[in-house]
Amino acid sequence: MKQIYLDYSATTPVKREVVDTMLPYFTEIYGNASSIHGFGQEAKSVLEQSRKSIAETINATPDTFYFTGGGSEADNWALKGVMRANRKKGNHLITSKIEHHGILHTCTALEKEGFEVTYLDVDAEGMVSLEALEAAITDQTVLISIMFINNEIGTMQPVKAIGEIAHKHGVLFHTDAVQAYGNVKIDVNEMNIDLMSVSGHKIYGPKGIGGLYIKKGIRIQNIIEGGAQERNRRAGTENIPGIVGFAKAAVMADENLEAHREKLIYLRDKLANGIMDVIPYAKYNGHPTERHPGNVNICFEFIEGEALLLSLNAKGIAGSSGSACTSGSLDPSHVLLAIGLPHEIAHGSLRLSIGDFTTEEDVEYTIESLKEIVQKLRLMSPLYDKVLKEGK
Amino acid sequence: MLYTEKVMDHFMNPRNVGEIENADGVGEVGNVKCGDIMRIYIKVEGDQIVDVKFKTFGCGSAIAASSVATELIMGKTIDEALALTNKQVIDELGGLPPVKVHCSVLAEQALKAAIYDYATKNALTFKGLEGYDPDEDHHDHDVVDIEF
């Protein structure tokens, strides 16, 4: 059966060129970058070259980019590191209700340490209000952390304006750019970004590697203690194959950014419009224009998301959902609730995320399959029944 | 895969989906907020359930549990149907993941609700309905009374 992967926001396949670039670093150039001998120095050299390559894609200098074990570690480090290092300045952190759990659960942990966190609401399209953000700043505020692009509904925040407000009040600005990096052009200087989390496996690179951009001069504590790697800031023997792969993926994404965006936006709109045209009682979530080039998120009334995913999977289509049944909790996704969807609508959500290997045929097949599946599940649903009878 | 082949079969090809016009009993349990609602219709002749249909809003295991439950009671007497437990539903499905056990409970309760409706309409009493409270919250996601 044809397999159609529409879950690029969960993770991406590693591109062949990326794998080929990584391979020698497992078996030939396997030295520890901290070692003094030739094996080590060769590894050290490629480590620094990779750092430089990635830093260039965000218009940063190499000494401001630190490798981590992934996006979640970068988020943890940014928040815990900055808040703990700046206790003298204040104890207040501002974030939003739609952040990734890498941020939200870190905030919960910080609250247990005595820090205060403001969770900003978002509007129905998932946008943070700049007025509310500015009003939330107090003389205790140390850091604002707002994600660049939301992983579920794809909404892109006005990052540059957020950074501007932060700086106007002498507050630091961190953004979780895991979904944005490789999908929009990011310039940390121009966009007023002080700290930024990125990840390898969302941009056709390997899993288990990410990074944190930390602007020069920012006070931040370590969270991983040990050896002197990453200029004494992040201990642990460097994952050289991962780092090389991440850098290759980052450079490829940067060089191909415009064509990548154009293709994704075309297919995204074709998929979203196609679905909305043929399936009634559906709601397109997120912002109409300010959104991830490959993100489609739609709620189908009267049916439940897990049943939808299983049915799609049976047709070879891989998607994801914010329904409670797929999260293992009783509530649907916090993002869908934050944009004001009632529980019963949020349970019927479907995220399809498009990527570089998606084709027009994939999109057409998905629209057709989805139409069939939604109809089948609705005919089984006692909720749809009411609608049919009332002839709404 | 999260589910057994049996669950997937009942989810993809559910038995007895639909409704019965002028059903002798209808039971509905669950709520939209939690993301699952089951409605079961029964047709009774004498003391025998001669037809049963269901409609379910919910996840894959909720649909599969409804389907299996209707199969298990088709043609049975009311007393036999009242003896159906969620454990039997789980066994028939070849097992459910612990977080999905409440789906089997809903199936058992939807059936009881349908029989209660039939009993009330016909002023009948059944031993299996003793102590049955139709307004009780059947929707306990924490039920994991499964023995491994």
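The values are calculated or read from the model by the stated rules, or taken from the named source; none is laboratory data. These numbers come from a predicted model, not from an experiment. When we count neighbours, we look across all protein chains shown, and the Cβ atoms used for this are built from the backbone with ideal geometry, even at glycine.
Please work out which one of (1) within 12 Å of chain B (Cβ to nearest Cβ); (2) crowded, with 23+ Cβ neighbours inside 10 Å; (3) within 21 Å of B:P14 (Cα to Cα) is the condition A:A314 fails and give its number.
That leaves (2) as the condition not met.
For residues that are free of Cβ contacts under 8 Å to residues at least 40 places away in the same chain and within 23 Å of A:H334 (Cβ to Cβ), tally how many sit in segment A:283-302. Give the steps one after another, and end with the answer.
Kept after step one, since they are free of Cβ contacts under 8 Å to residues at least 40 places away in the same chain, are these residues of segment A:283-302: A:284, A:289.
This time we only want the ones that are within 23 Å of A:H334 (Cβ to Cβ), so: A:284.
Adding up the residues that qualify gives 1.
Of all residues being over 16 Å from B:F126 (Cβ atoms) and in contact with a Ser or Thr (Cβ under 8 Å, 6 or more places away or on another chain) in segment B:41-57, which is farthest from the other protein chains (Cβ to nearest Cβ)? Just the residue, please.
Filtering first and then ranking leaves B:V52.
Return the only residue of A:H334, A:H343 being under 24 Å from the mean Cα position of the chain (by Cα) and without any contact (Cβ under 8 Å) to a residue 24 or more places away in the chain. Don't jump to the end; show me each part of the working.
On the way: A:H334 fails: without any contact (Cβ under 8 Å) to a residue 24 or more places away in the chain.
Of the residues listed, the single one that is under 24 Å from the mean Cα position of the chain (by Cα) and without any contact (Cβ under 8 Å) to a residue 24 or more places away in the chain is A:H343.
Counting residues that are in the same structural domain as A:S197 (by TED's automatic domain parsing) and loosely packed, with under 14 Cβ neighbours inside 10 Å, which helices (runs of 4 or more DSSP H) fully inside segment A:1-113 reach at least 1? If you could, list the steps in order and put the result at the bottom.
Values: elements: A:16-22, A:24-27, A:38-57, A:71-85, A:101-112.
By residue number, A:16-22, A:24-27, A:38-57, A:101-112.
Given A:I265, A:I275, which one is in a helix (DSSP H, G or I) and in contact with a Pro (Cβ under 8 Å, 6 or more places away or on another chain)?
Working: A:I275 fails: in contact with a Pro (Cβ under 8 Å, 6 or more places away or on another chain).
Exactly one of A:I265, A:I275 is in a helix (DSSP H, G or I) and in contact with a Pro (Cβ under 8 Å, 6 or more places away or on another chain), namely A:I265.
Going by what's in this entry, would B:K87 be described as touching a residue at least 40 places away in the same chain (Cβ under 8 Å) and more than 14 Å from chain A (Cβ to nearest Cβ)? Don't jump to the end; show me each part of the working.
Working: touching a residue at least 40 places away in the same chain (Cβ under 8 Å): yes; more than 14 Å from chain A (Cβ to nearest Cβ): yes.
Spelling it out, B:K87 is indeed touching a residue at least 40 places away in the same chain (Cβ under 8 Å) and more than 14 Å from chain A (Cβ to nearest Cβ).
How about segment B:9-40: which of its residues are more than 12 Å from chain A (Cβ to nearest Cβ), surrounded by fewer than 23 Cβ atoms within 10 Å (Cβ to Cβ) and touching a helix residue (DSSP H, G or I) at 6+ places or on another chain (Cβ under 6 Å)?
B:D24
Does A:N273 meet the test of being assigned by TED's automatic domain parsing to the domain that holds A:Y384, of a type in the set (S, T, N, Q) and farther than 20 Å from A:A10 by Cα? Full working, then the answer.
Working: assigned by TED's automatic domain parsing to the domain that holds A:Y384: yes; of a type in the set (S, T, N, Q): yes; farther than 20 Å from A:A10 by Cα: yes.
Yes; evaluated as a whole, the condition is true for this residue.
Take the conditions farther than 30 Å from A:Y66 by Cβ and not aromatic (F, W, Y) and apply them to A:K270. Does it pass?
On the way: farther than 30 Å from A:Y66 by Cβ: yes; not aromatic (F, W, Y): yes.
Yes; evaluated as a whole, the condition is true for this residue.
Return the only residue of B:A64, B:A81 being farther than 17 Å from A:S311 by Cβ and not in a strand (DSSP E or B).
Working: B:A64 fails: farther than 17 Å from A:S311 by Cβ.
The unique qualifying residue is B:A81.
Within segment A:342-365, is even one residue surrounded by fewer than 22 Cβ atoms within 10 Å (Cβ to Cβ), facing chain B (nearest Cβ under 9 Å) and in a loop (DSSP other than H, G, I, E, B)?
Yes, segment A:342-365 has at least one match.
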